[in-house]
Structure formats: structure tokens, C-alpha cells
1. Looking only at region 87-100, decide whether some residue is among the basic types (Lys, Arg) and either under 26 Å from Thr181 (Cβ atoms) or assigned to a helix (DSSP H, G or I) (or both).
2. How many of the residues making up region 1-15 are at pLDDT 85 or above and either in contact with a Leu (Cβ under 7 Å, 6 or more places away or on another chain) or buried (at least 21 other Cβ atoms within 10 Å of the Cβ) (or both)?
3. Go through Val217, Val249, Val241 for me and flag whichever is modelled with pLDDT of 80 or more and under 24 Å from Ala105 (Cβ atoms).
4. Tell me, please, whether a residue that is part of a helix (DSSP H, G or I), buried (at least 17 other Cβ atoms within 10 Å of the Cβ) and not β-branched (Val, Ile, Thr) can be found in region 196-205.
5. Would region 12-20 turn up any residue that is among the aliphatic types (A, V, I, L, M) and either farther than 30 Å from Val136 by Cβ or touching a Ser or Thr at 6+ places or on another chain (Cβ under 8 Å) (or both)?
6. Take Leu42 and decide whether it is modelled with pLDDT under 95 and either touching a Ser or Thr at 6+ places or on another chain (Cβ under 9 Å) or assigned to a helix (DSSP H, G or I) (or both).
7. In region 26-39, which residues are surrounded by fewer than 24 Cβ atoms within 10 Å (Cβ to Cβ), part of a helix (DSSP H, G or I) and not polar (S, T, N, Q)?
8. I'd like the full set of residues that are assigned to a loop (DSSP other than H, G, I, E, B) and either crowded, with 17+ Cβ neighbours inside 10 Å or touching a residue at least 24 places away in the same chain (Cβ under 8 Å) (or both), limited to region 45-71.
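The values are calculated or read from the model by the stated rules, or taken from the named source; none is laboratory data. None of the values given here were measured: they were computed from a predicted structure. Note: ideal-geometry Cβ built from the backbone for every residue, glycine included; neighbour counts use all protein chains shown.
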Amino acid sequence: MTARGWFLFSLMGVVWGIPYLMIKVAVDEVSPSAVVFTRCALGVLLLLPFALRQPGLARTVRTYWKPMLAFAVIEIVGPWYTLTDAERHLSSSTAGLLIAGVPIAGVLLARFFGAAESLGARRITGLALGLGGVGVLTVPHLTGGDALSLAEVLVTVVGYATAPLIADRHLKDVPTLHLITPCLALAALVHAPAALATRPAALPSAGTLAALAALGVVCTAVAFVAFLELIKEAGPIRASVITYVNPAVAVAAGALFLDEPLTAPVLAAFALILTGSVLATAAAPKPRSRPVPWSTRQTSRAGGRVESLAGLPEERPGSTGQGGG
């Protein structure tokens, strides 16, 4: 990968690892609906000029409005609210680590929706390790009044894992900016009434305003543009590896800026979830073709062709394949 590719990779690892920190700071003074509205509105303001420069935005929305609506609700409208509301009670590092289980949920959902690819021992081991890490994080919170917050994060995880399946099946031909910009606009409209009703009585502090600005500008608009460039530079497979970097950034940011404790369970959960995600999403090994011994094949009566025990016709060595023998 080029130096530019490494720069973009490092940038994405940070900008999609710090939203949990920014959310945690913002919800101290601003309602979850207001946080989501501000983030989406700022993202739209910055991305809309670029989306309009690409021809066919209105036509794209008219053609694909149904899957785009589903994608917007499942990826942004619901998950961004539930994640933000959950962080009123959970630490940013805990939220970041739980969201790191999205690849694991994606594997399970893909199987549920009929993916033909087999799991195999390696992926099953990864699923078990990842779920064990989630258990290490969640069990201590179940008796502390945070069960609802954990459920909200689970909703977010399921949404983040389901939306790409919708995009892969129904939105492959939609340019990314034509997809993201209308979805952010819809989310902003949905959350606008609640954001207006719960607006703070006084202007939030400078730290909260900075966190909101960072969420909209850096973690939404800049992040999407950088991710597109990273895909062009390094390809979609390498670009997706940032999924494994973000949790480390989330944990480190929470410890450095919010004094969130780096306890043994947190570190153990990080190791389990990260290892499980890597194993669960690893490419399945290609089955090796085993040669069939000549003595086990049966010569067909057609001449010049033979059939293996599996019933697949093959050319006899030295044959022209045209029945000449």
C-alpha cells in the first residue's frame, strides 16, 4: 500500500474510533435526539455540494427510494439514536468495544439470510471468542441498572450489521454520496422535532459544541470522503480492516480524555472481541480438488470421454474430445 494509502488508513482508524468519545461528551448537556440531528445536519451541509456535482442525484432517489429508506432507518436513524442514548449510562470505551462486535453479528445475519458460504471451524471459533468478549463486558452491567443501555447498543450492532446486507443486495449501483447524503438528510428531518423540543435552555459549553462539530464534520462528512478515497487507493478488502483498529482508538480515547479505567475485564474483552472478529470474518479456505484415480473412473460408451464417480464428464488423456477415440 502506498504512503497515501497508509495515511488514509490511519486517518480512518482515528475518525471512526473517536465518535464514542465525542458522543459521551455531548450527551452530558445535549439530548440524544439533538446530538443525532446536529451530526446529520452538519454532514448534509458539507456533503451535499459534492453530491450535487455528481449528476443524477434526484433520479437515484426516485429509483432506489425504498432500499435507501430501509438503509437510512437501519443504519442511521435508529442506531445513531440508540447508541447516543446508551452512552448516557455506559462508558465510551464499553460502547466502542461492543460496537466492535458488528463483524461477528454480520456473519451470523448473513447465515440467517441464507448465505451459502460455510462457517468452518475457524469462523465458529471466532464467533465463540467474540461473544465471550461481549459477555465479559455486559455481565457486570446487568445488575447495575444498565440493561436497557446494553439493549440499545445491541440494537445498534444489529442495525450496523444489517444495513450493509441491504446495500449489497439492492444499492450496489448507487454512488456513495448519492446514498449517504439523502440518508443523512432524512435522519436529520426525523430527529428535528425531538431535537427542537429538547433543546438546552442555555448555550452548551465550548467542549460540548466542539464535540458536536467534530461528530458532524470529522466523524461523518470527512470520514465518508476519506473512506471513499481509501477504497480507491487500497481496495475494499484492505479498507475494511479499519474495523479492527477503531476499538483500540475508542478504548485509548476514553482512558486518556475521560479517565475511564482500563480494567482487566476491559482489556480481556478487547482481546477476545478483536480476535473473534478477525477469525469470524476471515475468508473461507477454498476446497482442494482431489484427483480421482484413473482406476476408479468408468469409461463411457460414447468413446473419447470418461466419467468420474461424481458423474462429471472429463476428457480422456490424449483424446480430442470429439468422439474420435
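1. Our first condition is that a residue be among the basic types (Lys, Arg); within region 87-100, this holds for 88.
Going one step further and asking which of them are either under 26 Å from Thr181 (Cβ atoms) or assigned to a helix (DSSP H, G or I) (or both), we end up with none.
Taking every residue of region 87-100 in turn, none turns out to be among the basic types (Lys, Arg) and either under 26 Å from Thr181 (Cβ atoms) or assigned to a helix (DSSP H, G or I) (or both).
2. Qualifying residue count, region 1-15: 1.
3. Numbers: Val217 fails: under 24 Å from Ala105 (Cβ atoms); Val241 fails: modelled with pLDDT of 80 or more.
Of Val217, Val249, Val241, the one residue that is modelled with pLDDT of 80 or more and under 24 Å from Ala105 (Cβ atoms) is Val249.
4. From region 196-205, those part of a helix (DSSP H, G or I) are 196-197; that's our starting set.
Filter once more, keeping what is buried (at least 17 other Cβ atoms within 10 Å of the Cβ): none.
Scanning region 196-205 turns up no residue that is part of a helix (DSSP H, G or I), buried (at least 17 other Cβ atoms within 10 Å of the Cβ) and not β-branched (Val, Ile, Thr).
5. Let us first name the residues in region 12-20 that are among the aliphatic types (A, V, I, L, M), namely 12, 14-15, 18.
The next check asks that each one be either farther than 30 Å from Val136 by Cβ or touching a Ser or Thr at 6+ places or on another chain (Cβ under 8 Å) (or both); those that pass are none.
No: zero hits.
6. Working: modelled with pLDDT under 95: no; either touching a Ser or Thr at 6+ places or on another chain (Cβ under 9 Å) or assigned to a helix (DSSP H, G or I) (or both): yes.
Judged against the criteria, Leu42 is not a match.
7. Residues satisfying the conditions do not exist here.
8. Filtering region 45-71 for residues assigned to a loop (DSSP other than H, G, I, E, B) gives 54-56.
Residues satisfying the conditions are Gln54, Gly56.
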